[in-house]
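A quick write-up on the structure given underneath.
The values are calculated or read from the model by the stated rules, or taken from the named source; none is laboratory data. Note that the structure is predicted; figures quoted are calculated from it, not measured. Positions of Cβ are generated from backbone atoms using ideal geometry, with glycine treated the same way; all protein chains shown enter the neighbour counts.
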Amino acid sequence: MILNTGNRTDIPAFFSDWFFNRIQEGFVCVRNPYFPHQVTKYILDPQVIDIICFCTKNPKPMLSRLDLIKDYKQFWFVTITPYNQTIEPYVPNKNEIIRSFIELSKKIGSHCIGWRYALSF
């Protein structure tokens, strides 16, 4: 199973504590946005998860705890845009993001990370 963490929110940037709690508990319950009464429980175990895909504008909040997910295969998309904090008020400055990108690449390997650009408009 592919665990895609970036469809609805930026989990590494804003919900890393929640994510690591779910990993430690070994499961996550996900509500279907189209049928809110439908909730699915997924097992979070390296034997079940083929890869975790992260999509974030700020990987820094997770960098110090990557050892907690070292048994999972991972791929990270880090979005870096030219916009300032007027347009992206909750995104750190680009130099900090680039430093985090480099640190992440050193920790997980350059083959497990990609830079992406997404328009805000």
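Listing for the model above:
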read-out: Any hit, region 25-32, residues being buried (at least 18 other Cβ atoms within 10 Å of the Cβ) and modelled with pLDDT of 95 or more; value: no
read-out: Which numbered condition Val78 misses (of (1) closer than 27 Å to Ile23 by Cα; (2) surrounded by fewer than 13 Cβ atoms within 10 Å (Cβ to Cβ)); value: (2)
read-out: Selected residue (only one of Thr40, Thr5, Thr56, Thr9 is β-branched (Val, Ile, Thr), in contact with an Asp or Glu (Cβ under 8 Å, 6 or more places away or on another chain) and at negative phi); value: Thr56
read-out: Filter pass, Pro61 being surrounded by 16 or more Cβ atoms within 10 Å (Cβ to Cβ), within 18 Å of the chain's Cα centre (by Cα) and either under 18 Å from Arg8 (Cβ atoms) or free of Cβ contacts under 8 Å to residues at least 40 places away in the same chain (or both); value: yes
read-out: Verdict on Thr79 being touching a Cys at 6+ places or on another chain (Cβ under 8 Å) and polar (S, T, N, Q); value: yes
read-out: Qualifying residue in region 31-41 (condition: in contact (Cβ under 8 Å) with a residue 12 or more places away in the chain and β-branched (Val, Ile, Thr)); value: no
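Residue by residue, here is whether (1) exposed (fewer than 15 other Cβ atoms within 10 Å of the Cβ); (2) out of contact with any Pro (no Cβ under 7 Å at 6 or more places or on another chain) holds:
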{"residue": "Gln38", "(1), (2)": "yes, yes"}
{"residue": "Ile43", "(1), (2)": "yes, yes"}
{"residue": "Ile49", "(1), (2)": "no, yes"}
{"residue": "Cys53", "(1), (2)": "no, yes"}
{"residue": "Asp71", "(1), (2)": "yes, no"}
{"residue": "Asn93", "(1), (2)": "yes, yes"}
{"residue": "Gly109", "(1), (2)": "yes, yes"}
